[in-house]
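Colleague: Before we start, here is the structure in question, set down as structure tokens.
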Amino acid sequence: MRDVVVDVISMNVDLLDRPEIKEAVQDTANLAFELLMKSREPKIGPVQSFGFGGGFGQQGGLFNQ
């Protein structure tokens, strides 16, 4: 269940502006740490995951080959 909470909050960081969410994060052991670590995970976009590299409009990107 904790993994789901971490995923939902990390995808919707505006939830951290809500007092009840702030309280839950503060009162739940290690939840703040897990949220921090989740935010540090590498974000892989669709261009990088298909091995095109460079992204759109960059040297070596999908449209500049």
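The values are calculated or read from the model by the stated rules, or taken from the named source; none is laboratory data. The shown structure was predicted, so the numbers you read here are calculated from the model rather than taken from an experiment. With ideal geometry, Cβ positions are generated from the backbone for all residues, glycine too; neighbour counts draw on all protein chains shown. Each accessible area value is taken on the protein alone, full model and side chains, heavy atoms only, with ligands, DNA and RNA left out. Shrake-Rupley method; radii C 1.70, N 1.55, O 1.52, S 1.80 Å.
Colleague: If you scan the range 19-30, which residues turn out to be open to solvent by less than 100 Å² (accessible area, probe 1.4 Å), over 12 Å from residue 9 (Cα atoms) and either part of a helix (DSSP H, G or I) or at pLDDT 90 or above (or both)?
Modeller: Answer for the range 19-30, where residues must be open to solvent by less than 100 Å² (accessible area, probe 1.4 Å), over 12 Å from residue 9 (Cα atoms) and either part of a helix (DSSP H, G or I) or at pLDDT 90 or above (or both): 19, 20.
Yes/no matrix, rows are residues, columns are (1) at pLDDT below 55; (2) in contact with an Asp or Glu (Cβ under 6 Å, 6 or more places away or on another chain); (3) of a type in the set (Asp, Glu); (4) assigned to a helix (DSSP H, G or I):
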position	(1), (2), (3), (4)
3	no, no, yes, yes
10	no, no, no, yes
32	no, no, no, yes
44	no, no, no, no
48	yes, no, no, yes
52	yes, no, no, no
56	yes, no, no, no
59	yes, no, no, no
65	yes, no, no, no
